[in-house]
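Step one of this worksheet: look at the structure below.
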Amino acid sequence: MKNFRIVFYCFLFLYGFTSYSEPIIIFNNSTKNMIIGGDVLLIEDKNSDLTLNQIINSNSGIIYKNTLPKLGLSNSTFWLKFKVINCTDSNLVLKFNQPRLNNIIFYSKQKNNSVKHISYGEDVSIDERQYQYPSYYFDLNTIKGDTGTYILKFSASEPIILDVTIETESSIITKEITNEVILGMYIGIIFVMAFYNLFIYFTTIDTSYLSYVIYIISVGLTQITLQGYGLKYIWPGSNYFDSTAVILFSTTGAIAAIQFLKVFLQTKTYVPLLHKLLLIFEVIFVLGFLIHFTDYKLISFSIVQFATLVLSLYILVVASVVLLKGFRPAIFFLISWMILLIA
């Protein structure tokens, strides 16, 4: 009966305060985790000049209807506002599943109306966080029946997906252990393939195998970096390198794929014009990588991302034309590349 009263009061509180600018989220015992990207007030700070007090007093913003809003590439700073009613006996934790954020600040309003904050970002190592995982975690610090008021401030040089959840602490630990086991299996597969093909290269001295090895390792490291595990396990403490790693490995992977394409499909012999156009892609990727070291990181990422998309389709065209010219091994390349793109 006591638990019923608490839940009832939680709903009563929600009914009485729906006019508040911050959306109110109820977390009860039937929920292990809640995706709240579509339940928070989003304020875009295009000039990155709004203050915390302005955000607290602001009634404007957007509430997306989908659970995982895509904010894309943006120079803006974003703010999230919301309230959480804890109707459970558990310690609730907020998770922002976006390891590649430049900066993130978590504000929580206290009972005496003061505001506490926790600040993380590229210059803060994982070891310095309360929860030492690639994604960002923040304790909501509410007991059963409490209502917490929260604000998140964040920005990024890469595409942002508003993948924000509220979970119990036990649920988070279980998920992170599972993720790391899967990651270990993925890394194992990547490096077994790399070492196997490297062995064949030293046996045959066929440069296509060396290009393939570089491509495999680059793709693997790109995925590991995007999920934040590169900074945690491979180059811990090297925050500056981690901030450039995605562009670096994306560039080396793309150039290695082009080199493998040239050798395996003998493009210089079968499609000399298309072969020459591949050089343009290599130049674009190198320029995109170099721009990353200027103040135009968003442009750099956009160039590499767009060039990767176009190159992926261009490779399909090249492989198809080579196959039509009668080079039968192209069918194996074409099928493999299509499977990779679909996956």
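Who wins for biggest fluctuation among 230, 145, 37 in a Gaussian network model of the chain, springs between alpha carbons below 10 Å?
Ranking 230, 145, 37 by mean-square fluctuation puts 145 first.
Around residue 43, under 14 Å between beta carbons, what's the net of Lys plus Arg minus Asp minus Glu among the other residues?
So the surrounding residues net to -1.
With a ≥ b ≥ c taken as the square roots of the eigenvalues of the C-alpha gyration tensor of the stretch 190-343, please select rounded if a/c is under 1.5 and otherwise prolate if a/b is larger than b/c or oblate if it is not?
In terms of gyration-tensor shape, oblate.
Calculate how steeply helix 297-324 sits against the longest principal axis of the alpha-carbon atoms of the chain, using the helix alpha-carbon long axis, and give the answer as 0 to 90 degrees to the nearest 10.
40 degrees
Enumerate the amide H contacts of residue 25 below 5 Å, restricted to partners 5 or more residues apart or on another chain; note that Pro and chain-start residues carry no placed amide H.
Amide H neighbours of residue 25, under 5 Å, 5+ apart: 83, 84, 85.
Can you give the angle from 0 to 90° between the axis of helix 169-204 and the longest principal axis of the chain, with both taken from C-alpha atoms, to the nearest 10?
It works out to around 10 degrees.
How far is the Cα center of the stretch 170-229 from the Cα center of the stretch 284-302, in Å?
First find each Cα centre; the distance between them is then 25 Å.
Using the Cβ atoms and a cut-off under 15 Å, what net charge is assigned to the surroundings of residue 107, where Lys and Arg are +1 and Asp and Glu are -1?
+3
Which FRET efficiency value, to the nearest 0.05, is calculated for residue 341 and residue 119 with the Förster distance at 35 angstrom and r the Cβ-Cβ distance? Write down the numbers at each step before the final one.
Numbers: r = 39 Å, r/R0 = 1.12.
E between residue 341 and residue 119, to the nearest 0.05, is 0.35.
Using only alpha-carbon positions, what ratio does the radius of gyration of the chain give when scaled by 2.2 N^0.38 Å? Before the final figure, lay out the partial values.
Working: Rg = 24.4 Å, N = 343, 2.2 N^0.38 = 20.2 Å.
In units of the globular-protein estimate, the chain measures up at 1.21.
Suppose the chain between residue 73 and residue 30 were pulled fully straight at 0.36 nm per residue; how much longer would it get relative to their current alpha carbon spacing?
Values: separation 43, 0.36 × 43 = 15.48 nm, distance 3.58 nm.
Extra length available between residue 73 and residue 30 comes to 11.9 nm.
Mind telling me which of 266, 54, 130 comes out most flexible in a GNM of the chain, alpha-carbon contacts under 10 Å?
It is 54.
Out of 226, 309, 261, any idea which swings most in a Gaussian network model of the chain, alpha carbons joined below 10 Å?
So, out of 226, 309, 261, the one fluctuating most is 309.
Would you mind telling me the share, in percent, of accessible area of the chain contributed by carbon and sulfur at probe 1.4 angstrom?
Details: 11470 of 18210 Å².
Roughly 63 percent, rounded to a whole number.
In this model, which of 70/262; 70/116; 32/297; 232/268; 70/109 are farther than 31 Å apart at the alpha-carbon? If you can, show how the numbers build up before the last one.
Details: 70/262 36 Å; 70/116 28 Å; 32/297 38 Å; 232/268 43 Å; 70/109 27 Å.
Pairs exceeding the cut-off: 70/262; 32/297; 232/268.
Set the Förster distance to 25 Å, then compute FRET efficiency between residue 112 and residue 57 from the Cβ-Cβ distance, nearest 0.05.
0.85
Keeping every protein chain present and rolling a 1.4 Å probe, give me the accessible area per residue for the chain in Å².
It amounts to 53 Å² per residue over the chain.
Expressed in nm to one decimal, what extension gain is obtained for the pair residue 204 and residue 186 from 0.36 nm per residue of sequence separation less their Cα-Cα distance?
Contour length minus the Cα-Cα distance gives 3.8 nm.
So what does residue 127 come to for accessible area, using a 1.4 Å probe and Å² rounded to 10?
110 Å²
Could you tell me which of 274, 286, 173 has its Cα farthest along the dipole of the chain towards the positive end, charges placed at Cβ (Lys, Arg +1; Asp, Glu -1), taken about the Cα centre?
So the residue we want is 274.
Roughly how tilted is helix 239-264, in degrees to the nearest 10 and between 0 and 90, from the longest Cα axis of the chain?
The angle comes out at about 30 degrees.
Please list, in order along the stretch 28-33, the HN-Hα scalar couplings obtained from phi with the Karplus expression 6.51 cos²θ - 1.76 cosθ + 1.60 (θ = phi - 60°), rounded to whole Hz, x for Gly and Pro.
After applying 6.51 cos²θ - 1.76 cosθ + 1.60, I find 10, 5, 7, 10, 8, 8 Hz.
The values are calculated or read from the model by the stated rules, or taken from the named source; none is laboratory data. Because the structure is predicted, anything quoted here is derived from the model rather than measured. So basically every Cβ, Gly included, is an ideal-geometry build from the backbone, and we count neighbours across all protein chains shown. To get the accessible areas, we keep the full protein, side chains included, count just its heavy atoms, and leave off ligands, DNA and RNA. Shrake-Rupley method; radii C 1.70, N 1.55, O 1.52, S 1.80 Å.
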